Amino acid sequence: MDRRHFLRHAGLSGLGLGLAGLCPGQVHAQLQTRTQAPTHRGQEVTSAPLTQDAQLAYPFHGRHQQGIVTPRQATGMVVAFDVLARDRDDLEKLLKILTARITFLTRGGEYPQRDPRYPPPDSGILGPSVPPDGLTVTLALGDSLFDERYGLADARPRHLQRMTGFPNDALDAARCHGDLALQFCANTADTHYHALRDIIKHTPGLLMVRWKQEGTVPLLPPAPGDVEGSARNFLGFRDGSANPSIEDEALMDALVWIGEAHDEPAWARGGSYMAVRIIRNFVERWDRTPLHEQESIFGRRKMSGAPLSGSREQDIPDYASDPEGRITPLDAHIRLANPRTPETENNRILRRPFNYSNGVERNGQLDMGLLFICFQADLDAGFISVQKRLNGEPLEEYIKPVGGGYFFVLPGAIDDRDFLGRRLLEATA
Amino acid sequence: MKPHQHLIAAATLGLLPLAAQAAVSPDALVGPIAEYKLYVLDNLEQFVDHTEKFTAAVEAGDLHNAQALYAPTRVYYERIEPIAELFADLDASIDAREDDYEQGVKDPDFTGFHRIEYGLFHEHSTEDLNAYAERLMSDVNELDHRVQDLTFPPETVVGGAAALMEEVAATKVSGEEDRYSRTDLWDFQANIDGAREIFTLFKPLAAQEDADFVKRVDDNFDDVETTLATYRVDADDPDAGFESYDEVNKNDRRALAGPVTVLAEDLSTLRGLLGLN
Ligand code: HEM
C-alpha cells in the first residue's frame, strides 16, 4: 500500500490492522485514540514529526517495506548484524523469524502468558500490551551476505558493494558494514529498544549485533500561524527541505524503488539501496562560526531554511542566473549535492536522517552528529555520486564520517504467507 | 499473533504458553545435587593443589614456570564458578579484572589471578608479586574451607549451567578475560565443562519433560567443543591446553558465538523445566 493511500484511509486501515492480538476493550480504546490522531497534511518524509500517537500502526505487508517513504518518526535506530546462520536452511529460518517478529511488533498486541518459573517472553519495557507506536522495521542485506556462505552470489544486486572510505572519512571498523541491517523507526525510543530485544531473543545462534546507532528528530508542532517545515539537524539547519516528494509516486519509482527499468535481478524489484553514514558534527566549533558563514556553507538560511536565492524553505534554488556563485557559493553543500542540471537529475536521493548524541569525547567535546540514511534505486548514481561531488566541501571542516555501510533493502512481503527475502532464496535455489 | 508465527517462535524459544509443569519431584533432585557437590569438591581440591604450585613459582621468581601454570590453575576455578561466586568477597579478590576498578591496574584493591597475570605476561616479571601470591593462596584456602560446609541450593546448582553460559557469552567469546596471557580458551573450555557437568547430571530429568530440548542442548555443546578442539595444542593430550586467543579466526568466533547464545537461551529455561523457582 502506498503512503498516500494509507494516509487517506488511515482511520480504516490502521484500525483493521491494529486489531490483531488485542482484546475487545483495548480495541475500543484504540478506536478512540485513532480518530483523535492528528491528520497528516501533505507531509514529506523529513517534515517535522507531528504525532506521538501510540496506536499508530503502519501496515507491514506491501510491495515495498515501510520506513522509506513513511513520514519520518521522531526516533530512529540502525542496527547492523553478523549473520551466524550455518547454511541456507538456517538463513531461511532467520528471514521467516524476522518477518514474523516484525509483523507482530509493528501491529502491536500481547505476548502469550508464560509459567513464571521461566524467563518472561519479552523485556516488558512497554508493559503488558505492546502498542505499535508508529514502529517500522526495515530489513536490508549487506554485501558480505552475498559471499560464499549461502550461495547468493549470483543474485547479488548489481550496485551492492562494501562501503569504502571517502577522503574526509575516519572510519571506525567497529561501526562499519554488516551482513544484515535493521532500521527501526518509532514515535519513542523505548519502542525500538523493545523491538530490538525481542528480535535478539528470537534469533539466538542466527544473528549477532555488530553495531548500532540511534537518533532522534525534534518533535515540534509548528507555532500558530507558522508554516510547517523540515525538522532541524544538530547544526541547527532544517534538513530534508529539497527531498524529492514522496507524494510523487512516479518519481519514487524512478529514484527510490527498483523497477523493471533498473537492470537489476528480477527478485530485487520493489527493493531499494540504503546508504547509512554515522557523521560526527563538531558542534562546539560550529557554534563558534559566524552565522553568515554557516549559511554560505549550506547555501540556505538557518532559521527559515530558504535557499540563499529565495525567501521560503520550499523555494527552488536558482543557480542558472548565478553562474559565478555570488548568491549561492559554488561549493555550498546544496549546490554540490544537487547542481540541478539535467545530467544530475538521476543522482537525486531520498534522505531520511536522524540526529544522534552519544556522549563525550576524550577532549571534552560532545559526540553529536547525523545518522545519515538515504535511499535510492541506484547506489552508484545516488549516494556515491553525490558524496563524490561533496568531497572537499567547506562543510568538511565541521564533520567527520566515522561509520556506516551500504545495504540492500529487500522487497516487501506481500501477505501473511510471504516472508522477507523469499524471492531472493527462490532465485538462487 | 497468527498461529504459524507461534510455531516459528516456539521452535526457537519454547515460547508456547505453559501450564504449570508436570513438575519433577524434589526428591529426584537430591541425587544429582549430591553428585554435583562431589564434582565441586573434587575440583576445589585440585584448585588448592595447583594454586600452591603456581604461587610457589611466583614467589620463587620462576617466571617461566609461573606463566606455564597460570592457565591450568584457573581451570578448576572456572569450572565451579556458580558455587565460587556465592562468596562475592572471595570472587572479587580471586578473579576480578582491572576493569572492575576505577583506577584499573594501579588500584590498591586489585588483587588475584588477573593482577598476577598482568605482572607475568605484561611486565614479564615476578617482581612485586609476592604479596599478591600470598593473598591468593589464603583466599583459595578460605574458599575451600567455606565450600566444605555449604549446603548446595538446587536453584543455584541448576541455574549454574545458565550462569556459566552467561559468563562465556559476556567475556569469553570476545576474549576479554585473560587479556595479557591470551589463555582465554582454557577458561572458555572450563566454563563449558562446568555447564555441561550440571546439564548432564540433570539430563535424565529434563529428558522426561522435553526430549527435543535435551538433544538441542547436547548438539550445541558438541558444536562448541568441536570448534574449541581445533585450537588444542595437542589433540591427544587435554592437559596441553589451548593456543592463544589471538589465533582464533573471525569465522570461528562466529561459529562459537552462535551455539553459545542458543545455549544461554536454552539453559535459561532449565530451572523452569525442572519446576524450580
Ligand atoms: C553531517 C552531515 C550533513 C549535514 C549536516 C547535512 C545538512 C544538509 C542541509 C542542512 C541541507 C539543506 C536542506 C535540505 O535540502 O535538506 C542538505 C541538503 C542536502 N544534502 Fe546534506 N548534510 C549532510 C551530509 C550529506 C551527505 C553525506 C549527503 C550525500 C552524500 C548529503 C546530501 C544532500 C543532498 C542531496 C541535499 C539536497 C540538495 C538539494 O537537492 O538542493 N548531505 N544537507
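The values are calculated or read from the model by the stated rules, or taken from the named source; none is laboratory data. Bear in mind that the values here come from a model prediction, so they are computed numbers and not experimental data. Positions of Cβ are backbone-derived with ideal geometry, glycine not excepted, and every protein chain shown enters the neighbour counts. When the accessible area is computed, the model is the full protein with side chains, heavy atoms only, and any ligands, DNA or RNA have been set aside. Shrake-Rupley method; radii C 1.70, N 1.55, O 1.52, S 1.80 Å.
At a glance:
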| item | result |
| --- | --- |
| Carbon plus sulfur fraction of accessible area for chain A, probe 1.4 Å, in percent | 53 percent |
| Most mobile of B:233, B:168, B:147 in a GNM of chain B (Cα contacts under 10 Å) | B:233 |
| Most fluctuating residue given options A:386, A:409, A:137, as computed from a GNM of chain A linking Cα atoms under 10 Å | A:386 |
| For the protein assembly as shown, accessible area per residue (1.4 Å probe, heavy atoms of protein chains only), Å² | 42 Å² |
| Net dipole in debye of segment B:24-273 [+1 Lys, Arg Cβ; -1 Asp, Glu Cβ; about Cα centre; nearest 20] | 440 debye |
| Over segment A:131-206: Rg over Rh, Cα atoms, Kirkwood Rh | 1.04 |
| The protein assembly as shown - mean residue ellipticity at 222 nm from DSSP helices (-39,500 (n - 2.57) per run, n ≥ 4, rounded to 500) | -12000 deg cm²/dmol |
| Surface accessible to a 1.4 Å probe, residue B:203 within the full protein complex, Å² | 60 Å² |
| Karplus-derived HN-Hα couplings along segment A:342-354 (A = 6.51, B = -1.76, C = 1.60, θ = phi - 60°), whole Hz, x at Gly and Pro | x, 5, 9, 3, 7, 8, 5, 10, 9, 8, 8, x, 10 |
| Residues in segment B:242-277 occluded by at least 50 Å² - accessible area, probe radius 1.4 Å, against chain by itself | B:254, B:265 |
| Convex hull volume per residue in cubic angstrom - Cα atoms of segment B:24-144 | 106 Å³ |
| Spatial extent of segment A:289-340: Rg and Dmax, with the Cα atoms as the point set, Å | 9.9, 29 |
| Residue-wise HN-Hα coupling along segment B:107-124, computed from phi with Karplus coefficients 6.51, -1.76, 1.60 (Hz; x: Gly, Pro) | 5, x, 7, 7, 9, x, 3, 6, 5, 5, 4, 4, x, 5, 9, 9, 8, 6 |
| Distant-in-sequence amide H partners of residue A:313 (H built 1.01 Å from N, under 5 Å) | A:306 |
| Percent carbon-and-sulfur accessible area, chain B, ignoring ligands, DNA and RNA, probe 1.4 Å | 49 percent |
| Top of A:140, A:174, A:381 by mean-square fluctuation, Gaussian network on chain A, Cα under 10 Å | A:174 |
| Segment A:148-216-segment B:31-67 distance, computed between alpha-carbon centres (Å) | 44 Å |
| Distance between segment B:201-277 and segment A:358-429 - C-alpha centres, whole angstrom | 36 Å |
| Diffusion constant of segment A:151-266 at 25 °C, which comes from Stokes-Einstein with the Kirkwood Cα-pair radius and 0.890 mPa s, µm²/s | 131 µm²/s |
| Cut-off under 5 Å, modelled amide H: who pairs with residue A:179 long-range | A:81, A:82, A:83 |
| Span-like helix ranges in chain A, DSSP H, alpha carbon extent 24 angstrom or more, Kyte mean at least 0.0 | none |
| Rg ratio (alpha-carbon, reference 2.2 N^0.38 Å) - segment B:24-273 | 1.01 |
| Alpha carbon convex hull of segment B:138-277, projected area averaged over orientations, nm² | 9.7 nm² |
| Largest to smallest principal axis extent of the C-alpha atoms in the protein assembly as shown, angstrom | 88, 60, 50 |
| In the B-A interface, the accessible area buried, summed over both sides, Å² (probe 1.4 Å) | 2700 Å² |
| ³J(HN,Hα) computed for each position of segment A:122-138 - Karplus, 6.51 cos²θ - 1.76 cosθ + 1.60, integer Hz, glycine/proline x | 9, 5, x, 6, 9, x, x, 10, 7, x, x, 6, x, 5, 10, 10, 10 |
| Residue-count net charge about residue A:44 - beta-carbon cut-off 10 Å; Lys, Arg +1, Asp, Glu -1 | -1 |
| Efficiency of FRET between residue B:106 and residue B:200 - r from beta-carbon atoms, R0 45 angstrom, step 0.05 | 0.55 |
